[in-house]
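Read the structure below first, then the notes.
The values are calculated or read from the model by the stated rules, or taken from the named source; none is laboratory data. Remember, predicted model here, so these are calculated numbers, not experimental data. Neighbour counts are summed over all protein chains in view; Cβ atoms, including those assigned to glycine, are modelled from backbone coordinates with ideal geometry.
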Amino acid sequence: MYGEGRNIRYFVGLGLLIVLLFVVIFLIISHGGDDNKVAETKRELTSYVDDSDVTITQTMISPITSAQTHNQLEISVTNSGTNADVSTGYDGNVTASRSYPMSNASFGEFLNSLERAGFTKGDTSEELKNDQGYCPTGFRYVYTIREGAKEVQRFWATGCGGTRSYKGNLNLTINLFRAQVPDYGDLVNNTSL
């Protein structure tokens, strides 16, 4: 009798140890083992189609150079139009600007394409909030979603690779925004863009 009780306690203890081991392994796997806060914007992009307060933006920043040769291109897309502004220097002085009409149908197609490119995926870690200083000899790309004055998403990437908070398909996203500016080549002519 005494020997059987000890065997039962042994098997129960072993069973509990195995269950605990599985719980620990599950917790490690489910948390990915790292501290990065990769997130996806809660709202689907296509839900913005009829929202006239929403602006989807790409800002392309040229390499760090003298103020005379440094440029920035901001392409802002809403359900009523696309605006493209080229700035020279570091103070945001707009030197060229274009506007193009947009319909809800074309805005919907644009948003669907961005959704599939992973536009709302990014790392929200505090240390990656600021893109300044990264890739000083290459281009930086900043992607935002604004609802009125409120910025609901801001991710960035670089042409240098490596560190970035934007986790979508960078090349596809760049091309989708560029395609919203019919005379893109003329707009950026004589700039470092």
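Worth pointing out:
- If you go through the range 136-193 and keep only what is of a type in the set (A, V, I, L, M) and in contact (Cβ under 8 Å) with a residue 60 or more places away in the chain, you end up with Val142, Ile145, Val152, Ile174, Leu176, Val181, Leu187, Val188, Leu193.
- Among the residues of the range 164-179, those that are crowded, with 18+ Cβ neighbours inside 10 Å and outside any helix (DSSP H, G or I) comprise Arg164, Ser165, Tyr166, Lys167, Gly168.
- When each of Ala96, Ala149 is tested for being surrounded by fewer than 16 Cβ atoms within 10 Å (Cβ to Cβ) and in the same structural domain as Asp50 (by TED's automatic domain parsing), the lone residue that passes is Ala149.
- Subset of the range 180-193 (residues that are more than 23 Å from Gln68 (Cβ to Cβ) and surrounded by fewer than 12 Cβ atoms within 10 Å (Cβ to Cβ)): Asp183
- Qualifying residue in the range 154-161 (condition: on the phi < 0 side of the Ramachandran plot and in a loop (DSSP other than H, G, I, E, B)): yes
- Breaking point among (1) modelled with pLDDT of 70 or more; (2) part of a loop (DSSP other than H, G, I, E, B); (3) not aromatic (Phe, Trp, Tyr), for Asn36: (1)
- Which numbered condition Glu74 misses (of (1) surrounded by fewer than 18 Cβ atoms within 10 Å (Cβ to Cβ); (2) among the acidic types (Asp, Glu); (3) closer than 19 Å to Asn175 by Cβ): (1)
- Any hit, the range 62-69, residues being closer than 28 Å to Gly148 by Cβ and either touching a strand residue (DSSP E or B) at 6+ places or on another chain (Cβ under 7 Å) or not assigned by TED's automatic domain parsing to the domain that holds Leu170 (or both): no
- Selection count, the range 136-193, where residues are of a type in the set (A, V, I, L, M) and out of contact with any strand residue (DSSP E or B) (no Cβ under 6 Å at 6 or more places or on another chain): 6
- Output for the range 47-62, where each listed residue is within 20 Å of the chain's Cα centre (by Cα) and surrounded by 14 or more Cβ atoms within 10 Å (Cβ to Cβ): Tyr48, Val49, Val54, Thr55, Ile56, Thr57, Gln58, Thr59, Met60, Ile61, Ser62
- Here Gly89 passes the criteria (1) within 21 Å of the chain's Cα centre (by Cα); (2) at positive phi; (3) surrounded by fewer than 19 Cβ atoms within 10 Å (Cβ to Cβ) except the one numbered (1).
- When we screen Thr144, Thr137 for residues that are at negative phi and buried (at least 16 other Cβ atoms within 10 Å of the Cβ), the only hit is Thr144.
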